[in-house]
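Asks: Dropping a structure here in structure tokens format, bear with me for questions.
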Amino acid sequence: MLKKSLSTLLSVPFIVAGGLLGSVSASATPTIVLNFEGAGDQAQLLGFYNSGTDSQGNSGVDYDIQFSSNALSIIDGDAGGSGNFANAPSPNTIMFFLSGSAILNYTPGFTTGFSFYYSSATAATVNVYNELGATGNLLASLDLTAQYNQNCPSGSKGAFCNWTSVGATFSGVAKSIDFGGTVDKTGYDDITFSSAIPAFRSAIPASNVTISPDEEPTRIGEPASTALFGVGLAGLGFIRRRRA
Ligand SMILES: [Ca+2]
Ligand SMILES: [Ca+2]
């Protein structure tokens, strides 16, 4: 609702002057979507979205977003990487945290809302704060469920095959996100700033989301395995093998 109202504000500012939007205290920031495409396999994201590179020398759009060293990208095994997932909203790369505090700082700040897709082997809460380093006031909380392998389409090629969107609106300016207890257990994609609704499967080659029942899924470990995120780099290094 807020996003729509602000769009109206931008197009016909004189109409809403002194109107019902008086409660909006911060200027709306543009929507930014981090889809992690182009980042490396098991790379530290670092300056990938900050005019720098990830730990493997790849660079993305400059959004002034600097990642801490424990935020990693991983490419799906079906795209040549070591990831054990399927059906991500923007194949073939996602983000996860392997260790540490899993805090993402966004110094310029963002308003209105926050959202993303996730696939998780644990229930957790993601919190948004108005100061860096997960400090200051709590602006929003997003609850995650352990759904990574639930209700996946038949033939999904990867253990983490359920990607669910979650989002929240808030007032004020947010500057950090604490991904909480999701270290080593949760993948993220299409992380969206300034919108409570994440980008949905935009600009995805159809070949990356089509699941063919005729193609035998490659072995992805035991049914209950959470190998992709569950057992550290050894698990992350698990590379799916194609049949000859
Ligand atoms: Ca896959
Ligand atoms: Ca992606």
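Asks: With +1 assigned to the C-beta of every Lys and Arg and -1 to the C-beta of every Asp and Glu, and no other charges, what is the dipole magnitude of segment 55-209 about the Cα centre in debye, to the nearest 20?
Replies: 180
Asks: In whole angstrom, note down how far apart the Cα centers of segment 144-176 and segment 32-51 are.
Replies: Using only Cα atoms, the two centres lie 19 Å from each other.
Asks: OK, next. Work out the length of the dipole vector of segment 138-192 about its Cα centre, built from +1 on the beta-carbon of each Lys and Arg and -1 on the beta-carbon of each Asp and Glu, and round it to the nearest 20 debye. Walk me through the numbers on the way to the answer.
Replies: Details: 3 positive and 5 negative charges, 13 e Å.
For segment 138-192, the charge dipole is close to 60 debye.
Asks: With only alpha-carbon pairs counted, each pair once and no self-pairs, how large is the Kirkwood hydrodynamic radius of segment 90-143 in angstroms?
Replies: Numbers: mean 1/r = 0.0772 Å⁻¹.
Result for segment 90-143 stands at 13.0 Å.
Every read-out reported here was derived from the displayed coordinates using simple, explicitly stated rules and does not represent laboratory data. Note that this is a predicted model, so its numbers are computed, not measured. Neighbour counts are summed over all protein chains in view; Cβ atoms, including those assigned to glycine, are modelled from backbone coordinates with ideal geometry.
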